[in-house]
Amino acid sequence: MCRNITTLRGLDPPATPEEIEAAARQYVRKVTGVQKTSDATAEAFEAAVAAVTAATVLVLDALPERRTPPPTVPPLRRAEVQERIARRIAEREEHERMHELGVPHTH
């Protein structure tokens, strides 16, 4: 198994749609080697993420409950990951504000 994809079956509370999509995105990145999409790869990449997400939902719904919880915590449930996501969002919003105000800056 790809070591960056955590087990979603048996989580309490159950895996969220965001966690399922994140796992699907990691899987598609791994098997395609595409880390950042381009105009040439975006459509196929996003279609694959949607298909893997849908398949994951189906299999999680069809399997019986786990007797024990998974050994690792999914990334989206980790405090350090949530902090990193919040920081990136804040940086992106600040960057967009700089564009709106016409403030010179670097990319």
Using alpha-carbon pairs under 8 Å, 6+ residues apart, how would you state the relative contact order of region 1-70 in percent? 48 percent
Using the scaling law 2.2 N^0.38 Å as the reference, what is the normalised Cα Rg of the chain? 1.33
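What value, in deg cm²/dmol to 500, does the helix sum -39500 (n - 2.57) over DSSP H runs of n ≥ 4 give at 222 nm once divided by the residues of the chain?
-19500 deg cm²/dmol
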Could you give the size of the charge dipole of the chain about its Cα centre, using +1 on the Cβ of each K and R and -1 on the Cβ of each D and E, expressed in debye and rounded to the nearest 20? 580 debye
Gap in Å between the Cα centre of region 80-107 and the Cα centre of region 36-66? 28 Å
Computed ³J(HN,Hα) along region 31-47: with the Karplus parameters 6.51/-1.76/1.60, θ = phi - 60°, integer Hz and x for glycine or proline, the list is 6, 9, x, 8, 8, 10, 6, 10, 4, 6, 10, 4, 4, 5, 4, 5, 5
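None of the figures in this text is laboratory data; all of them are computed from the coordinates on show. Computed from a prediction, not measured in an experiment: that's the story for all the values here. Because the Cβ atoms are built from the backbone with ideal geometry, glycine has one as well, and the counts that use them run over all protein chains shown.
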